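Single-structure report; data block below.
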Amino acid sequence: QVELAESGGGLVQFGGSLELSCVASGRTFSSSSMAWFRQAPGKEREFVAAISRTESTYYADSVKGRFTISRDNARNMVYLQMDSLKPEDTAVFYCAAGATYGIHRGRYDYWGQGTQVTVSS
């Protein structure tokens, strides 16, 4: 069992930056793949970024070059540094953990409660 808790969301202006954090409980963190997804109002939850247990990373085209995912296994933490934010990035951001690495929601077994990110124009 893994429990995830996100933090770091908030209101930021167009072009600004935020760093999201996710702390994981459980002994299997270092062997888990981690990911960030987001869900905007009226839209389906979509993939943002993923990092494997060997620290391979993959990004959605919409955030490539602007967002950076990283992890700290010693602290059971995963981060999402978001730069050059746009209003269309406004969404609830979710941290996810799973045994396999990929972009599909079904690969991830554990989810946090989400943190709101709002980008004003």
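The values are calculated or read from the model by the stated rules, or taken from the named source; none is laboratory data. Bear in mind that the values here come from a model prediction, so they are computed numbers and not experimental data. Here Cβ is always computed from backbone atoms with ideal geometry, including for glycine, and neighbour counts include all displayed protein chains. Accessible surface is based on the protein model in full, side chains and every heavy atom, while ligands, DNA and RNA are left aside. Shrake-Rupley method; radii C 1.70, N 1.55, O 1.52, S 1.80 Å.
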Checklist entry - Roughly speaking, to the nearest percent, how much of the chain's 1.4 Å accessible area is carbon and sulfur? => result 45 percent
Checklist entry - Hey, got a sec? Which GluC sites (Glu not before Pro) in the stretch 45-121 land in a DSSP loop and have at most 12 other Cβ atoms within 10 Å? => result Glu55
Checklist entry - Roughly what would the spin-label model give for Glu55 and Ser70, points 7 Å off Cα along C-beta, in nm? => result 1.0 nm
Checklist outcome for this item: In debye to the nearest 20, the charge dipole size for the chain, taken about the Cα centre with +1 at each Lys and Arg Cβ and -1 at each Asp and Glu Cβ, equals 180 debye
Checklist entry - What whole number of Å gives the distance from the Cα centroid of the stretch 64-90 to the Cα centroid of the stretch 1-61? => result 7 Å
Checklist entry - Mind listing which chymotrypsin sites (Phe, Trp or Tyr not before Pro) in the stretch 1-75 are in a DSSP loop and have 14 or fewer other Cβ atoms within 10 Å? => result Phe14
Checklist entry - So which trypsin sites (Lys or Arg not before Pro) in the stretch 55-121 pass both tests, a DSSP loop state and at most 13 other Cβ atoms within 10 Å of the Cβ? => result Lys64, Arg75
Item to check | Positive dipole terminus of the chain, leading residue within Ser84, Tyr58, Leu18 (C-beta point charges) | outcome: Tyr58
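Hey, can you find the accessible area per residue of the chain for me, probe 1.4 Å, expressed in square angstrom?
53 Å²
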